[in-house]
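Remarks on the structure that follows.
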Amino acid sequence: MSDLQTNIEKLNGYLERFRDTGILNRIDGEDCVGSGGEFTTISPVDKSEISKVARGNEADINRAAKSAADAFPAWRDTPALERKKILIKVAEAIEARAEEIALCECWDTGQTLRFMSKAALRGAENFRYFADQVVQARDGQHLKSPTLMNITSRVPIGPVGVITPWNTPFMLSTWKIAPALAAGCTVVHKPAEDSPLTARLLVEIAEEAGLPKGVLNTVNGYGHDAGKRLTEHPAIKAIAFVGESRTGSIITKQGADTLKRMHLELGGKNPVIVFDDADLDRALDAVIFMIYSINGERCTSSSRLFIQDTIKEEFEARLIERINNIKVGHPLDPATEIGPLVTEEHYNKVTSYFDIAKEDGATVAAGGVKIGDEGFFIRPTLFTNANNDMRIAREEIFGPVLTSIPFTTEEEALSMANDTDYGLTGYVWTNDLTRAMRFTDKLEAGMIWVNSENVRHLPTPFGGVKASGIGRDGGDWSFEFYMEQKHVGFALGQHKIMQLGK
Ligand code: NAD
């Protein structure tokens, strides 16, 4: 049997349990059907139905928020070492079920096994990392004044809502939920309607690892319905959101009446700038990796290539050769490098840019075609002869589609790289250290890598500027979001208090 067939059989075994019940919500440690009925999740590989999914609505969110609020005092007051132990057990349980998570994720989203196997383990790392931070999370400072011993400490903000998108949904969910639990918050999670499978696995794994009931609740459903209510619910003190910039703006308005604290991780149209003095072999590998891995459905992808005109011809020729070699296929085949796009709607959006590019005068130098009509497969695509004003350079396509734009001077490259609504990541390739310093200092992005692809280190801040978001994840930045600073002043003696009405 081929690896692909073996993986399909294993997947079918894992999915068997959903056949009768569908994917249920999990509220207060109980499986629940959705008050809004059901919806269906479809595999992008062959458009087959994977499972029915409980459709949560306002009533389900109300119950989940109550459950998270009821569970909050006990979870907040659970000794840090006890919470640490539970989070480590969650990490171990994720590792033990990593294959199941990866196979389900691939089938639900079209992501390939080569990347999702790593993403599942990354989910475990997120829990392990934040488990290690639990003990220090509440530590504050002593800021003594002549009259007072001032002590600061941190307390968890309360029950929080986590709203996640369909791209790498398992990894992204753990990225939010692990620090929230480590901080002592309880959670209501609303996963993306297009990829609900692994969120269900996560809540199940967490409870089996010892997370008390009600500490993590999962309600499936649509954004305008369940998601909206979550952002409006008065018991929910903060919303950690990952998704489109437009949705980030909508939920900010929805949360205004209850003064929700918001952390927004949004879209990107990230530049990679390749100067002619760079190590071009490594730059080529990184440019390809950062737009075609994870199907290009990745917020940090470098979708705009700014290439110095002196090396443009040679670099683009090498790029085209490599792109035409990329293996598109079944996501459960370990050899596959790009799988199908997540949904028909997204496939139609991404492929619409093939014509938009031509209408705007760009050249389709590689790809630009659909593959069959059984699933949502396309060839990885490169647009050349483009400029930074074209729609392909301004709009987030969110697929395996790269736009190459030439530049002559450093100033020109910087000006075009910054001429965008977004500011999530940037990548600079040069062997001139002074130029790298100068360039990164002026580049408008929350995260920049020099002579490297995106290599995420968990203690560092992750987040964007401009339309790419508000707030940071990672290290202590996560706790700043999920916790409140508290100040207490103790009088050191009998300092003079101003006396009124005496
Ligand atoms: P989306 O904004 O359509 O949906 C994200 C989530 O928000 C889903 O769970 C959806 O149901 C929910 N939602 C939609 N409308 C809502 C509303 N009115 N109230 C509450 N919730 C609502 O995004 P998507 O298409 O699922 O994901 C792709 C986007 O996510 C891309 O723009 C990508 O760049 C972005 N993203 C950003 C990061 C980052 O770290 N900056 C990471 C991954 C993805």
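The values are calculated or read from the model by the stated rules, or taken from the named source; none is laboratory data. In this text the structure is predicted, and so the values were computed from the model without any measurement. No Cβ is skipped: glycine too gets one built from the backbone with ideal geometry, and neighbour counts run over all protein chains shown. For the accessible areas, the whole protein counts, side chains as well, though only heavy atoms, and no ligand, DNA or RNA atoms are used. Shrake-Rupley method; radii C 1.70, N 1.55, O 1.52, S 1.80 Å.
Results, tabulated for the structure shown:
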item	result
Share of carbon and sulfur in the accessible heavy-atom surface of the stretch 271-450 [1.4 Å probe, %]	46 percent
In Hz, Karplus ³J(HN,Hα) per residue of the stretch 425-436 (6.51, -1.76, 1.60; θ = phi - 60°; x = Gly, Pro)	10, x, 9, 10, 10, 7, 9, 8, 4, 5, 5, 4
Accessible area (Å², per residue) of the chain, counting only protein heavy atoms and a probe of 1.4 Å	41 Å²
Helix 197-208 axis, angle to the chain major axis (alpha carbon atoms, nearest 10°)	30 degrees
19 Å reach of a label modelled at Asp70, 7 Å along Cα-to-Cβ, counting backbone N of the stretch 169-187	185-187
The chain - charge dipole about Cα centre, Lys and Arg +1 at Cβ, Asp and Glu -1, debye rounded to 20	2260 debye
Two-site FRET efficiency, Ala335 against Thr258, from Cβ-Cβ distance with R₀ of 45 Å, rounded to 0.05	0.35
Accessible surface of the stretch 151-251, 1.4 Å probe, proportion on carbon and sulfur as whole %	56 percent
Net lengthening on full extension, Asp20/Val155 (0.36 nm per residue, minus Cα-Cα)	44.3 nm
Most positive-pole-ward Cα, Val465, Met149, Ala209, against dipole of the chain from beta carbon charges	Met149
Per-residue ³J(HN,Hα) for the stretch 307-317, Karplus 6.51 cos²θ - 1.76 cosθ + 1.60, θ = phi - 60°, Hz, x for Gly and Pro	10, 5, 4, 5, 10, 4, 4, 5, 5, 5, 4
Paramagnetic reach from Asn387 in the stretch 342-362 [backbone N under 18 Å; point 7 Å along Cα→Cβ]	356-362
His457 versus Glu484: modelled label distance in nm, points set 7 Å from Cα along the beta carbon direction	3.4 nm
For Leu402, residues with placed amide H under 5 Å, excluding near neighbours	Thr381, Leu382, Phe383
Estimated FRET transfer efficiency when R0 is 60 angstrom, pair Leu81-Ser2 (beta carbons, to 0.05)	0.80
Segments 70-76, 286-292 sorted - mean Cβ within 10 Å per residue, highest first	286-292, 70-76
Antiparallel content of DSSP bridges confined to the chain, in %, to 5	40 percent
Contour excess over end-to-end distance, with Cα ends at Asp281 and Leu492 and 0.36 nm allotted per residue	69.5 nm
Efficiency of FRET between Asp421 and Val450 - r from beta-carbon atoms, R0 30 angstrom, step 0.05	0.80
Dipole magnitude of the stretch 271-450, debye to nearest 20 (Cβ charges: Lys/Arg +1, Asp/Glu -1, about Cα centre)	260 debye
